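The values are calculated or read from the model by the stated rules, or taken from the named source; none is laboratory data. None of the values given here were measured: they were computed from a predicted structure. All Cβ positions, glycine included, derive from the backbone under ideal geometry; neighbour counts span all protein chains shown.
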Amino acid sequence: MTGPRRAVRATDSFHEGGIMDRRRVLGLAGALGAAAALPGLATARQKNEGQPAKARGRYRRIATEEAFATQPQLEGYRDIGKYLTQGADFNFTQILLGDSEYAKRQTPRLLDIGEGRIAQMDADGVDMQVLSLTSPGVQVFRPDTAIAIARESNDILAEAIRRYPTRFAGLAAIAPQDPKHSVVEMERAINQLGLNGFIVNSHTNGEYLDEEKFWPILEAAEALDRPIYIHPRSLPEEALGPFRPYGLGGAAWGYAVETGTHGMRLLFSGVFDRFPRLRIVLGHMGEGIPYWVYRFDHMYATAKRNWGTGSLKEPPSFYLKRNVLITTSGMFSEPVLKYCIEVLGADNIMWAADYPYQDSREAADFLDSARISEADRIKIYSGNAERVFHLKT
Ligand code: MN
């Protein structure tokens, strides 16, 4: 057994004290309190409270959408004003560089892919993080800058993984601005650096991966047998207008519209007929897509029948189940999890917290206590990630 797993058990103890452990005790007390009214439910909860600690010898908690930043990336953002002076992407990059309380807390945590992060993972019960360069990554830069910063950041990531091989895995940043060079970096990232997949922060200058110019990237991911994680970023400026009021352009709604639209374009475009073994990962329980399965299949078939549109070999949901995995990042809702298991199957769901933007311990408490089968819990915590990202077990 590895050190990290022992650490997880130690911090899980009710006797360790601290806010998190008190919260777990309260959760258990709540479950016990429900026993009188709902005996069946309470029994299931009590059972699950006990099982993960025992089961932890058999599986790891692998978090699959965990953000980090590099100095070259932040330095690039410092210069971004030379060619990008407004808009949501500009604003977010400047927030990370600023001196707000938010930046003072988050930016150092993003930059730390060493001991500080490991200590936080131990405290939160996270065995492994699959790291990715924080959004919007390199996709806001000019192509030559994007290529250089992606390469340097991937080297930094690979070095952190070499230092902590049981605690970190990583997704390579690529610069879709230059699809041909992206393929070179993808091959280097897997074959030389030993990274585990790729991160693309949704659109690149308002363009999406289904477009033919990006097919070399999809082809390379399929050939290398590593997934592309499509992570949220802001909608393109020209689409952002209706989302500006009330802060709806961000994580509350706009990111899911943007990233869900990217996913729908891939599903409807036929790229999964062309690249049948390509795998895409979507966070936030699939960015809303699983909820729409009935309607988009129905409407796709209706349009095909009436107007002869669409050339997919199968209904769109077929590709959702075959080619797409979703993660729990920032969506710690038991009803949504159960729905997604029913519609997509537990083999297509991976655990993620979205550190440091979300609380990893909350993410673990959510999946520990979810009333799902133990077999499904193990797949979601570790089995699926180990398979899809080729992690050493
Ligand atoms: Mn994220």
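Worth a mention:
- Of residues in the stretch 324-379 being among the charged types (D, E, K, R) and within 16 Å of residue 289 (Cα to Cα), the one farthest from the ligand (Cβ to nearest atom): 342
- Scope the stretch 150-200; condition in contact with a Pro (Cβ under 7 Å, 6 or more places away or on another chain), under 27 Å from residue 120 (Cα atoms) and crowded, with 20+ Cβ neighbours inside 10 Å; matching residues: 153, 167, 197, 200
- Residue in the stretch 137-158 that is in contact (Cβ under 8 Å) with a residue 60 or more places away in the chain, outside any loop (DSSP other than H, G, I, E, B), closer than 25 Å to residue 380 by Cα and in contact with a Phe, Trp or Tyr (Cβ under 8 Å, 6 or more places away or on another chain) present: yes
- Within the stretch 291-393, helices (runs of 4 or more DSSP H) holding 3 or more residues that are crowded, with 19+ Cβ neighbours inside 10 Å and not aliphatic (A, V, I, L, M): 316-323, 360-369
- Boolean, residue 232 is touching a residue at least 24 places away in the same chain (Cβ under 8 Å), under 21 Å from the mean Cα position of the chain (by Cα) and in a helix (DSSP H, G or I): no
- Filter result for residue 126 (part of a loop (DSSP other than H, G, I, E, B), within 16 Å of the ligand (Cβ to nearest atom) and within 17 Å of residue 171 (Cα to Cα)): no
- Residue 282 vs. criteria modelled with pLDDT of 95 or more and over 23 Å from residue 199 (Cα atoms): no
To keep it simple, each residue is scored yes or no on (1) within 20 Å of residue 61 (Cα to Cα); (2) in contact (Cβ under 8 Å) with a residue 24 or more places away in the chain; (3) touching a Gly at 6+ places or on another chain (Cβ under 8 Å).
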{"site": "169", "(1), (2), (3)": "yes, yes, no"}
{"site": "173", "(1), (2), (3)": "no, yes, yes"}
{"site": "179", "(1), (2), (3)": "no, yes, no"}
{"site": "187", "(1), (2), (3)": "no, yes, no"}
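- Restricting 146, 150, 175 to residues that are touching a His at 6+ places or on another chain (Cβ under 7 Å) and either of a type in the set (Val, Ile, Thr) or within 27 Å of residue 235 (Cβ to Cβ) (or both) narrows the list to 175.
- The single condition among (1) buried (at least 19 other Cβ atoms within 10 Å of the Cβ); (2) in contact with a strand residue (DSSP E or B) (Cβ under 9 Å, 6 or more places away or on another chain); (3) in a helix (DSSP H, G or I) that residue 213 does not meet is (1).
- Every residue from the stretch 242-270 that is basic (Lys, Arg) and exposed (fewer than 14 other Cβ atoms within 10 Å of the Cβ): 244
- From the options 277, 265, residue that is assigned to a helix (DSSP H, G or I), of a type in the set (Lys, Arg) and modelled with pLDDT of 95 or more: 265
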